[in-house]
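We did not get these values from a lab; they are worked out from the coordinates using the rules stated. Bear in mind that the values here come from a model prediction, so they are computed numbers and not experimental data. Cβ: placed from backbone, ideal geometry, glycine included. Neighbour counts: every protein chain shown.
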Amino acid sequence: MRIIGLDVGTKTIGVAVSDLTGSIAGGVTTIKRQSFDKDINALKQIQHEYSPELIVIGLPKKMDGTIGEQAIFVQNFGTKIEKALNIKIQYMDERLTTVQASRILREANVSAKKQKNVIDKQAAILILQSYLDKTKGEIKSE
């Protein structure tokens, strides 16, 4: 079973996908946000290519665990994705994933300029991998 992971921001959407066994997350792309329709079309193409059964979206909770404006924005976008793509959506706490992604890229000697282009995709990988690790054994491959 494949799963898509998303790191949804106001300017970009980082995209990751699991392997068929639901064990390993890998990066796909970073979508530059233009309009809802264009965002959905890009996601539909990814859905068509990978045929996921689920989309996991990072939920940017505040450090105290509460839901703020950005998390509400992400949930609203997730509801629209669910309807437009006719696919189940789950949310995964994504606190500090961008910080982790930046550290990983820095440790891999990726320049700050290049990090800007891939950090959201790396954050999507971390979100999806966290979900896969948390649900290990619950996901069945087909």
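Remind me, relative contact order of the range 3-134 in percent, using alpha carbon pairs under 8 angstrom and six or more residues apart?
About 36 percent, as a whole number.
Rounded to two decimal places and with Rh computed the Kirkwood way over Cα pairs, what is Rg over Rh for the chain?
We get a ratio of 0.95 for the chain.
Just from its helices, what would the mean residue ellipticity at 222 nm be for the chain, if runs of 4 or more DSSP H residues each count -39500 (n - 2.57) and the sum is divided by every residue, rounded to the nearest 500 deg cm²/dmol?
So the helix-based figure for the chain works out to -15500 deg cm²/dmol.
Only four residue types carry charge here, +1 at the Cβ of Lys and Arg and -1 at the Cβ of Asp and Glu. Report the dipole size of the range 3-134 about the Cα centre in Debye, rounded to the nearest 20.
480 debye
Sorted by average packing, counted as other Cβ atoms within 10 angstrom per residue and highest first, what order do 29-40, 49-60, 3-14 take?
3-14, 49-60, 29-40
Say R0 is 25 Å: what FRET efficiency, to the nearest 0.05, do Glu53 and Gln75 get from their beta-carbon distance?
0.75
What residues of the range 27-47 lie in the reach of a label at Ala84, counting those whose backbone N is under 19 Å from a point 7 Å from the Cα along Cα→Cβ?
Output list for this probe position: 28-47.
Using a Förster distance of 30 angstrom, determine the FRET efficiency expected from the C-beta separation of Asn41 and Asp64, and round it to 0.05.
The calculated FRET efficiency here is 0.25.
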